[in-house]
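The values are calculated or read from the model by the stated rules, or taken from the named source; none is laboratory data. This structure is a prediction, so every number in the text was calculated from the model and none was measured. Heads up, the Cβs are rebuilt from the backbone with ideal geometry, glycines too, and the neighbour counts pull from every protein chain shown.
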Amino acid sequence: MRSSTIRTAPSHFARALQYISPGLIRCPRPCTVAKWLQSRSLTTATAQEAIPLRKHLKDEAKRKKADAKRDGNTASTKPGGDPRLEKWELTVGIEIHAELNTASKLFSSAPAEVLESDNGGTANSRVAMFDAALPGTQPQFQVATLLPALRAAIAFGCEVQRQSGWDRKHYFHWDQPNGYQITQFFQPFAKDGCLVLDASDGVPALDMQGADRLRIGIKQIQMEQDTAKTTNVGSSTYHVDLDRAGVPLIEIITLPHIHSPQTAAAVVRKVQAVLKSVDSCVIGMELGGLRADVNVSVRERGTSGVGSSYSGVSGLGQRTEIKNLSSFKAVEDAIIAERNRQITVLEAGGVIGGETRGWTLGATETTRLRGKEGEVDYRYMPDADLPPLVIGQDLVKHLASTLPTLPDELQQELQDEYNLSLKDAKTLIDLDSGDRLDFFLRTVQSVTAELGISRQAQIGKMVGNWVLHELGGLLTTHQRSWDDVRVTADELKDILVCLHRKQITTRVAKQLLADLFQRAPAPAARPSVEQLIETGNLRLRPLSEGVYRDLARRIMEESPEMVKAVREKGQKGKVMWFVGQMVRQGEEGTVEPEKAKAVIESLMGE
Ligand SMILES: Nc1ncnc2c1ncn2[C@@H]1O[C@H](COP(=O)(O)OP(=O)(O)OP(=O)(O)O)[C@@H](O)[C@H]1O
Ligand SMILES: [Mg+2]
Ligand SMILES: [Mg+2]
C-alpha cells in the first residue's frame with residue numbers, strides 16, 4: 001500500500017504549500033512582538049468574541065462571583081460555597097472539536113468554508129461526490145489540511161507521530177452520509193501534549209494549589225471529519241446541509257486533570273486562544289468553530305471513587321459525558337449541574353451510571369440521552385481506502401521554527417519589554433482580534449521614534465493606558481466598536497508626545513482625544529492635533545508656585561471637612577480630590593496635576 005508521505009523535500013512541500021491560503025504561511029521572525037506585528041498583515045479575518053473593557057470586566061467578575069455563590073461553585077471554606085464540596089472532589093476531562101482553518105475538506109477538494117445563507121451561502125453547494133457518499137467514490141487525503149493540525153499539535157507540545165492511521169467510526173444517522181466518520185481512533189497523529197494555565201486565565205486559587213502554573217495533560221490530538229448540519233423544520237422534518245460534511249476537525253482530548261468548573265471553562269478558552277494564535281482555527285466557539293464534550297465524575301476526597309482509570313490516571317469516579325457544548329458558560333454551567341446531580345445521587349446511596357447526557361442553554365439540570373446499555377458500538381476499523389499518514393520530522397521542525405507567537409509568549413514580552421501589567425497585556429491581546437494590540441504597538445513605535453526614546457518600557461505603560469482605558473472609555477460611552485474608533489495611531493502619538501513634553505496638561509490631552517473621536521473619521525478634512533491646540537489656545541501656560549498656592553488655599557478654605565479628613569484622619573487618598581478641584585477650577589490648560597499634588601501635600605503638612 002502506498003503511504004501519503006509529507007516531507008519538506010522540495011517537490012512534496014511545495015505541493016503542500018500551494019494549497020495553503022496566505023494566512024497560513026508564516027516566516028521566522030526575530031522577536032515575538034515583531035513576529036506578531038509582521039504576521040498581522042497576513043492573518044486571515046477572524047470572527048472574535050468581543051472582550052469587554054475594564055468596567056465590563058469588573059461587572060463580569062461581580063456577576064461570576066454572584067453566580068458562583070448561587071451555584072455553590074466556590075470552595076466550601078468560603079461563605080456561600082456548597083459544603084458538600086468538602087467531601088466530594090470533582091474530576092473533568094474534555095474533548096474539544098475544532099474546525100481547522102483549511103481551504104478544502106479533509107478528503108475532497110470541495111471548499112471547507114461554510115457560508116451561512118444570510119451571508120450569501122446556499123445549502124448543499126459545497127459538496128464533492130465523496131462528501132455525499134456517492135457509490136464508488138473514495139477519500140483523497142488533502143495534504144494541506146495537515147498543516148494547521150500540525151501547528152496546533154506543536155503549540156500544545158505534542159509528540160507528532162511519524163506514522164498514524166485513519167479509522168472508520170460507524171453509526172447510522174442522516175448527518176453522516178457514508179454511514180461512518182473517518183477519524184484517527186487507533187493511531188492519532190499527535191500524543192502527550194500539555195496546556196499551561198495560570199491564575200490570569202481564570203483558574204481559581206484553590207486549583208492552583210500555591211503553584212504559579214497549572215498543567216493540564218493533553219492525551220492526544222486526532223484529525224477527523226465533521227458531520228453534515230441538520231436543521232429541524234417542523235415536528236418531523238429535518239433539512240440536511242452537506243456543506244459541513246467532511247470539513248476537517250481536530251479532536252483535542254485532555255486527561256482528567258481538571259477539578260473545577262471554572263478551570264474547565266478556562267481550559268476551553270485557552271485552547272481557543274492558542275488555536276487562533278497559530279491560525280489553526282479562525283472561528284471561535286461563538287460561531288460554532290469549537291465544540292466541547294465534558295466528562296464529569298466525582299469521588300469522595302481521600303478515596304479512589306469506583307476505581308475507574310483513564311490513560312494512567314486511576315482512582316476516579318464513574319464518568320458521564322455531556323456532549324456538544326457551544327459556549328464557555330455552557331461548559332461551566334453544565335459541569336456544575338452534573339457535579340451537583342452526581343453528589344445528590346451518591347449521597348442518597350445511589351450509583352452513577354455511565355451515560356451520555358445533554359445540556360441546553362439556561363437549563364439547571366443535565367438530561368439523560370442514553371445509558372451504557374444504549375451506547376453505540378462504533379465497530380471501529382482501519383479505513384481500507386486510505387494509506388497510513390507518514391509525517392516527516394523535517395516538516396515538523398520547519399513548522400515549529402516558524403510557529404506564530406503564542407499568547408503566553410506575547411503576554412510575557414508585553415510585560416517585560418513594554419512594562420504593561422499582566423491584566424493590560426492580556427486584555428490587549430484578547431481585544432478586537434488583535435487590532436487593539438496592533439494600534440498600541442504602532443503608537444509606541446511612533447512615540448519612541450519622535451521622542452528619541454530607546455526603550456519602549458519607558459512609555460509602554462502610559463500608551464497602554466491611553467489605548468485601553470481612555471480610548472476604551474470613549475468607545476463604551478459612545479457605544480461604538482473598535483472598527484469605528486476614529487482616532488488614528490498617529491493622532492494619539494501627537495497627543496502623547498505633547499503631553500510627554502509637558503506642552504499640554506493631561507486634561508487637555510483627554511479633551512483632544514474626545515474631540516477627535518467625535519469628528520468625522522479620517523481622512524475627511526479634520527484639523528491636526530497641533531491645529532486643535534493652537535485654535536483652542538490649549539498649550540500649557542505654566543503657572544508660578546504662588547498662583548498654585550493661592551488656588552490650593554482657596555479650595556482648602558472652601559472645603560474644611562475634606563482638609564480635616566486628610567490632616568486629622570490621615571485619609572491621604574483625598575489629596576487627589578483636591579488635585580481634581582485645582583485642575584477643574586484653574587484656567588484651561590494651566591494646572592499640571594503633579595505640581596498641584598505637591599502644593600496640596602505641602603500645604604496640608606503646614
Ligand atoms: N472518570 C473520569 N472522570 C472524568 N473524566 C474522565 C474520566 N475518565 C475519562 N475521562 C475523560 O473522558 C474523555 C474521554 O475521551 P475519549 O475521546 O478518549 O473517549 P470517549 O469519550 O469514549 O470517545 P468519543 O466521545 O470521542 O466517542 C477524556 O477527556 C478523559 O480525560
Ligand atoms: Mg473522544
Ligand atoms: Mg467522548
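A few comments on the model shown:
- Within the stretch 470-483, being surrounded by fewer than 16 Cβ atoms within 10 Å (Cβ to Cβ) and more than 15 Å from Asp438 (Cα to Cα) holds for Thr476, Thr477, His478, Gln479, Arg480, Ser481.
- 1 or more residues among the aliphatic types (A, V, I, L, M): qualifying strands (runs of 3 or more DSSP E) within the stretch 342-405: 367-371, 389-391
- Test: Glu338 is assigned to a helix (DSSP H, G or I), away from ligand 2 (no atom under 16 Å from the Cβ) and either in the same structural domain as Glu300 (by TED's automatic domain parsing) or β-branched (Val, Ile, Thr) (or both): yes
- Entry remark, the stretch 115-144: residues being at negative phi, part of a loop (DSSP other than H, G, I, E, B) and out of contact with any Pro (no Cβ under 7 Å at 6 or more places or on another chain) number 18 in total.
- Note on the stretch 352-383: among residues that are of a type in the set (A, V, I, L, M, F, W, C) and at pLDDT below 95, the one that is surrounded by the most Cβ atoms within 10 Å (Cβ to Cβ) is Trp359.
- Counting the residues of the stretch 184-215 that are aromatic (Phe, Trp, Tyr) and surrounded by 18 or more Cβ atoms within 10 Å (Cβ to Cβ) gives 2.
- Selection from the stretch 501-527 of residues that are small (Gly, Ala, Ser) and modelled with pLDDT of 90 or more: Ala509, Ala514
- Residues (over 28 Å from Lys191 (Cβ atoms), in contact (Cβ under 8 Å) with a residue 24 or more places away in the chain and of a type in the set (Ser, Thr, Tyr)) located in the stretch 311-370: Ser327, Thr364, Thr366
- Check on Thr254, within 16 Å of ligand 3 (Cβ to nearest atom), within 26 Å of Gly315 (Cβ to Cβ) and among the polar types (S, T, N, Q): yes
- Among the residues of the stretch 290-303, the one identified as more than 11 Å from ligand 1 (Cβ to nearest atom) and of a type in the set (Gly, Ala, Ser) is Gly302.
- Residues in the stretch 291-315 that are hydrophobic (A, V, I, L, M, F, W, C) and within 16 Å of ligand 3 (Cβ to nearest atom): Ala292, Val294, Val296, Val313.
- Taking the stretch 515-560 as the range and being under 17 Å from Ala596 (Cα atoms) and assigned to a loop (DSSP other than H, G, I, E, B) as the test, the residues that pass are Leu540, Arg541, Pro542, Leu543, Ser544, Ser559.
- Matching option when the condition is over 27 Å from Ile94 (Cα atoms), buried (at least 20 other Cβ atoms within 10 Å of the Cβ) and at pLDDT 95 or above, among Gln142, Gln138, Gln181: Gln142
- Elements of type helices (runs of 4 or more DSSP H) contained in the stretch 425-512, each with 2 or more residues being within 26 Å of Ala273 (Cα to Cα): 435-451, 457-465, 471-477
Results for (1) under 44 Å from the mean Cα position of the chain (by Cα); (2) under 14 Å from Thr505 (Cβ atoms), shown as yes or no for each residue.
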position: Arg541; (1), (2): no, yes
position: Arg553; (1), (2): no, no
position: Glu557; (1), (2): no, no
position: Val563; (1), (2): no, no
position: Arg567; (1), (2): no, no
position: Gly586; (1), (2): no, yes
position: Gly589; (1), (2): yes, yes
position: Lys597; (1), (2): yes, yes
position: Gly605; (1), (2): no, no
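- Selection status of Lys493, closer than 27 Å to Pro542 by Cα, exposed (fewer than 15 other Cβ atoms within 10 Å of the Cβ) and in contact (Cβ under 8 Å) with a residue 24 or more places away in the chain: no
- Flag for Lys219 being in contact (Cβ under 8 Å) with a residue 12 or more places away in the chain, away from ligand 2 (no atom under 16 Å from the Cβ) and over 21 Å from the mean Cα position of the chain (by Cα): no
- Members of the stretch 216-236 that are in a loop (DSSP other than H, G, I, E, B) and either surrounded by 23 or more Cβ atoms within 10 Å (Cβ to Cβ) or in contact with a Leu (Cβ under 9 Å, 6 or more places away or on another chain) (or both): Asp226, Ala228
- Filter result for the condition that a residue is farther than 26 Å from Ala144 by Cβ and at pLDDT 90 or above, over Leu389, Leu395, Leu437, Leu403: Leu437
- Residue in the stretch 271-290 that is surrounded by fewer than 21 Cβ atoms within 10 Å (Cβ to Cβ) and within 16 Å of ligand 3 (Cβ to nearest atom) present: no
- The one condition from (1) surrounded by 20 or more Cβ atoms within 10 Å (Cβ to Cβ); (2) touching a helix residue (DSSP H, G or I) at 6+ places or on another chain (Cβ under 8 Å) that Leu406 does not meet is (1).
- Exactly one residue out of Thr476, Thr448 is of a type in the set (S, T, N, Q), closer than 30 Å to Gly284 by Cβ and touching a Lys or Arg at 6+ places or on another chain (Cβ under 9 Å), and it is Thr476.
- Within the stretch 83-103, being within 11 Å of ligand 1 (Cβ to nearest atom) and under 23 Å from the mean Cα position of the chain (by Cα) holds for Val92, Gly93, Ile94, Glu95, Ile96, His97.
- Residue match in the stretch 166-176 (condition: closer than 12 Å to Glu224 by Cβ, among the acidic types (Asp, Glu), assigned by TED's automatic domain parsing to the domain that holds Pro382 and outside any loop (DSSP other than H, G, I, E, B)): yes
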